[in-house]
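Peer 1: Quick one: the structure is below, questions incoming.
The values are calculated or read from the model by the stated rules, or taken from the named source; none is laboratory data. Bear in mind that the values here come from a model prediction, so they are computed numbers and not experimental data. Ideal geometry is used to build each Cβ from the backbone, glycine not excepted, and the neighbour counts take in all protein chains shown.
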Amino acid sequence: MKIAIVILNWNGKNLLEKFLPSITTYSNLPKVTIYVADNASTDNSVLFISKKYPEIKIIQNKKNGGYAKGYNDALQLIKADVYALVNSDIEVTPNWLQPIISVFENEPTTAIIQPKILDYKNKIYFEYAGAGGGYIDEFGYPYCRGRIFNTIEKDVQQFNDTTEVFWASGACFFIRAEIFHELNGFDEDYFAHQEEIDLCWRAENAQQTIKYVGASTVYHIGGATLKEESPRKSFLNFRNSLFSLAKNLPTSKLLPIILGRLILDGVAGLKFLLELRPIHTLAIIKAHFSFYFQLPKMLKKRKQSTQKSNYFHRKSIVWDYFVLGKKTVKEL
């Protein structure tokens, strides 16, 4: 099984200096090739890679198309059985690849896998972007085993299992190449954030399985490209989540769920105001108008025959978390 580890880079020389050593050291297996897909960087990261790591293959994209287009463009040029899409701020560990390769080899219907993702800055805790595998609630709000909203659990081996999940984190995202291309890759209208949830949802609708493999561990800084407090990040997260609902919801649920979600987003906007973070309230308003403007385009992307009704894990994670006070998956 040919594995292509593909690291998307944009002006990330400092991150590459810090994290390429672990990837090159612990990925030295037969049929594993490491690539850096560069999104038109203006620093000297490409020169750094070519001099320091001549064994790494470099793909230079013509422009910075974000996560979605950056990977779509690069993966057109890479022949492999499985793509391992790894953020430039990921530190891998010994034996991180073998458990995942084993699942792919033994389970033909498993199309997408993520490892356990822990916090690089505090390695005994899960990391926000993926943790122990992702789910969404009925209104499309994402959460993870090990992370619900901003409550992050300590890793006490509670998620060392291999289990089916709804979405895998784009921070460290393994996908069969055949499935990636069959589904036309990531939706480039997302630019960045939540495009992996949309791709996983489309894979689910195509009867594919997504798994979390807890025997593999990586550490993620998180927010290295776009900081957590960034209003741009809030805009992309709120808008792109609405995109996913419009594209993937069963037809019978489309109108009521999107209306409910818009109301809940309004409540989130009020919460930001009360927290004296009006710039994030404005980001939600902008996200909604961007969604309205592009809604006809998103609806055209639907494939009516494949929408699954059992897409969600909880009816409302907002209700569970903020009203009932259930802060961890175990409490759910």
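Peer 1: Of all the strands (runs of 3 or more DSSP E) wholly in the range 94-175, which have at least 2 residues that are closer than 27 Å to Arg261 by Cβ and not acidic (Asp, Glu)?
Peer 2: The qualifying strands (runs of 3 or more DSSP E) are 110-119, 134-136, 142-144.
Peer 1: Sticking with this structure for a sec: Among the listed residues Ser22, Ser41, identify the single one that is in a helix (DSSP H, G or I) and of a type in the set (S, T, N, Q).
Peer 2: Just a single option satisfies the conditions, and that option is Ser22.
Peer 1: Does the range 210-232 contain any residue that is over 27 Å from Gly12 (Cα atoms) and either of a type in the set (Gly, Ala, Ser) or out of contact with any strand residue (DSSP E or B) (no Cβ under 6 Å at 6 or more places or on another chain) (or both)?
Peer 2: Yes, the range 210-232 has at least one match.
Peer 1: Just checking, does the range 221-235 include any residue being surrounded by fewer than 17 Cβ atoms within 10 Å (Cβ to Cβ), under 24 Å from Phe104 (Cβ atoms) and not hydrophobic (A, V, I, L, M, F, W, C)?
Peer 2: Among the residues of the range 221-235, not one is surrounded by fewer than 17 Cβ atoms within 10 Å (Cβ to Cβ), under 24 Å from Phe104 (Cβ atoms) and not hydrophobic (A, V, I, L, M, F, W, C), which makes the answer no.
Peer 1: Over 18 Å from Phe139 (Cα atoms), surrounded by 11 or more Cβ atoms within 10 Å (Cβ to Cβ) and not assigned by TED's automatic domain parsing to the domain that holds Asp198: which single residue out of His288, His280, His313 fits that description?
Peer 2: His280
Peer 1: Checking the structure you have, find out if any residue of the range 250-272 is touching a residue at least 40 places away in the same chain (Cβ under 8 Å) and outside any helix (DSSP H, G or I).
Peer 2: Among the residues of the range 250-272, at least one is touching a residue at least 40 places away in the same chain (Cβ under 8 Å) and outside any helix (DSSP H, G or I), which makes the answer yes.
Peer 1: Give me the residue from the range 49-59 that is under 27 Å from the mean Cα position of the chain (by Cα) and not in a loop (DSSP other than H, G, I, E, B) and, out of that set, surrounded by the most Cβ atoms within 10 Å (Cβ to Cβ).
Peer 2: Residue satisfying both the conditions and the ranking: Ile49.
Peer 1: Continuing with the same structure: Just to be sure, is Ala84 under 14 Å from the mean Cα position of the chain (by Cα) and buried (at least 18 other Cβ atoms within 10 Å of the Cβ)?
Peer 2: Here the answer is yes, as Ala84 does meet what is asked.
Peer 1: Continuing with the same structure: Could you tell me whether any residue of the range 25-39 is modelled with pLDDT under 95, exposed (fewer than 14 other Cβ atoms within 10 Å of the Cβ) and within 20 Å of His193 (Cα to Cα)?
Peer 2: no
Peer 1: Restricting to the range 282-320, and then to whatever is among the basic types (Lys, Arg) and in contact (Cβ under 8 Å) with a residue 12 or more places away in the chain, can you tell me which residue is nearest to Arg232 (Cα to Cα)?
Peer 2: Checking each candidate, the answer is Lys286.
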